[in-house]
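Student: Before we start, here is the structure in question, set down as structure tokens.
Each value in this text was obtained by applying a stated rule to the coordinates, not by laboratory testing. What you are looking at is a predicted structure, and each value in this text was computed from that prediction instead of being measured. Counting neighbours? That spans all protein chains shown, and the Cβs are built from the backbone with ideal geometry, glycine included.
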Amino acid sequence: MTYCIGMLLKDGLVMLSDSRTNAGVDQIATYRKMTVWQKPRKRLITLLSAGNLSISQAVIHFLDEGLEVGKPKRIRRMGDVTSMFDAAELVGLAVRRVYEAHGKVLDSQPGLGFNVSFILGGQIAGKPHRLFQVYAQGNFIEATRETPYLQIGETKYGKPILDRAFNFETDLRHAAKLALISMDSTLRSNLSVGLPLDLMLQRKDAYEPLVRRTIDDTDPYFAEVRKGWSTALRDAFGRMPDLPW
């Protein structure tokens, strides 16, 4: 399992992923869940993945190397897409192509199934910044001003703080802090989510990351956030009125 968050803001995007993958309590490993395609002054696209690692790696392989589509056949790659909608369609196509090759076998195995999902965010020069979630069936939805964040993986523990404190107008760096608090809540409650984390902040109309950082258990800022949030929660609970009956 994993946990990934994508946040759509008026000023840009925040993307955050963990790196834990496991196939049982004695088979735990670390794999990056964030993939970035960047072309200076032209594009910056980030993909976060959750689910079966072999499926997500196969999808990313197709996005890098290209898919044959259309008649006559032509190759489509993530580095060639002309809009973020086109990018989301390409991810969905890659998912369906992997399902054609492996889906029936995986679906036939108890406890496996074709389990994968993605968050795709970014901007191509001259087009708006956009954020999508792509499902295992290859279809997708888009984040909006009214629903400005998307989650995949182990989502339930990190959702409450986002619902209470985040909206489309939130400052980009404040949104990143909320994302880290959301991730910390998940880390504390689910052992299948783990460090290190990958954080990407992308400002609108900028095609270089504002922040791209790997966060592990030695990161002083994340340690301060984790300690401060725990203290704030305990203090807030202590100020709640006692039961009146």
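Student: Out of every Cα-Cα pair in region 178-245, what percent are more than 19 Å apart?
Tutor: Pairs farther apart than 19 Å: 48 percent.
Student: How would VAL211, VAL105, VAL225 line up from fewest to most surrounding beta-carbon atoms within 10 angstrom?
Tutor: Working: VAL211 13, VAL105 10, VAL225 17.
Fewest to most other Cβ atoms nearby, the residues stand as VAL105, VAL211, VAL225.
Student: Rounded if a/c is under 1.5, else prolate if a/b is larger than b/c, else oblate: which is region 33-87, with a ≥ b ≥ c the root eigenvalues of its Cα gyration tensor? Don't skip to the end; give the middle numbers.
Tutor: Numbers: a/c = 2.30, a/b = 1.12, b/c = 2.05.
Cα axes put region 33-87 in the oblate bin.
Student: While we're on this one: Hey, which of these cross-link pairs are over 18 Å Cα-Cα: LYS33/LYS127; LYS39/LYS127; LYS33/LYS177; LYS42/LYS127; LYS42/LYS204? Walk me through the intermediate numbers first.
Tutor: Values: LYS33/LYS127 26 Å; LYS39/LYS127 15 Å; LYS33/LYS177 20 Å; LYS42/LYS127 10 Å; LYS42/LYS204 12 Å.
With Cα atoms farther than 18 Å apart: LYS33/LYS127; LYS33/LYS177.
Student: Between region 44-71 and region 147-213, how far is it from one alpha carbon centroid to the other, in angstrom?
Tutor: The two parts, judged by their Cα centres, are 22 Å apart.
Student: Could you put LEU131, LEU187 in order, starting from the residue whose Cβ has the fewest other Cβ atoms within 10 Å?
Tutor: Least crowded to most crowded, the residues run LEU187, LEU131.
Student: Still on this structure: For a quick check: sort HIS61, HIS102, HIS129 by the number of other beta carbons within 10 angstrom, fewest at the front. Please list the in-between numbers first.
Tutor: Numbers: HIS61 12, HIS102 15, HIS129 21.
Fewest-to-most Cβ neighbours within 10 Å comes out as HIS61, HIS102, HIS129.
Student: If I take the Cα coordinates of region 105-159 and project them onto the principal axes, what are the three extents in Å, biggest first?
Tutor: Extents along the principal axes: 46, 27, 14 Å.
Student: Based on the alpha-carbon gyration tensor of region 39-170 and its eigenvalue square roots a ≥ b ≥ c, which shape applies: rounded if a/c is under 1.5, prolate if not and a/b is larger than b/c, or oblate?
Tutor: Since a/c reaches 1.5 but b/c is at least a/b, the shape of region 39-170 is classed as oblate.
Student: Tell me the Kirkwood radius of the chain: reciprocal of the mean inverse pair distance over distinct alpha-carbon atoms, in Å.
Tutor: Values: mean 1/r = 0.0530 Å⁻¹.
One over the average 1/r among Cα pairs gives 18.9 Å for the chain.
Student: Region 1-88: which chymotrypsin sites (Phe, Trp or Tyr not before Pro) are DSSP loop and have at most 16 other beta-carbon atoms within 10 angstrom?
Tutor: Values: sites: TYR3, TYR31, TRP37, PHE62, PHE85; in loops: TYR31.
Loop-located and lightly packed - TYR31.
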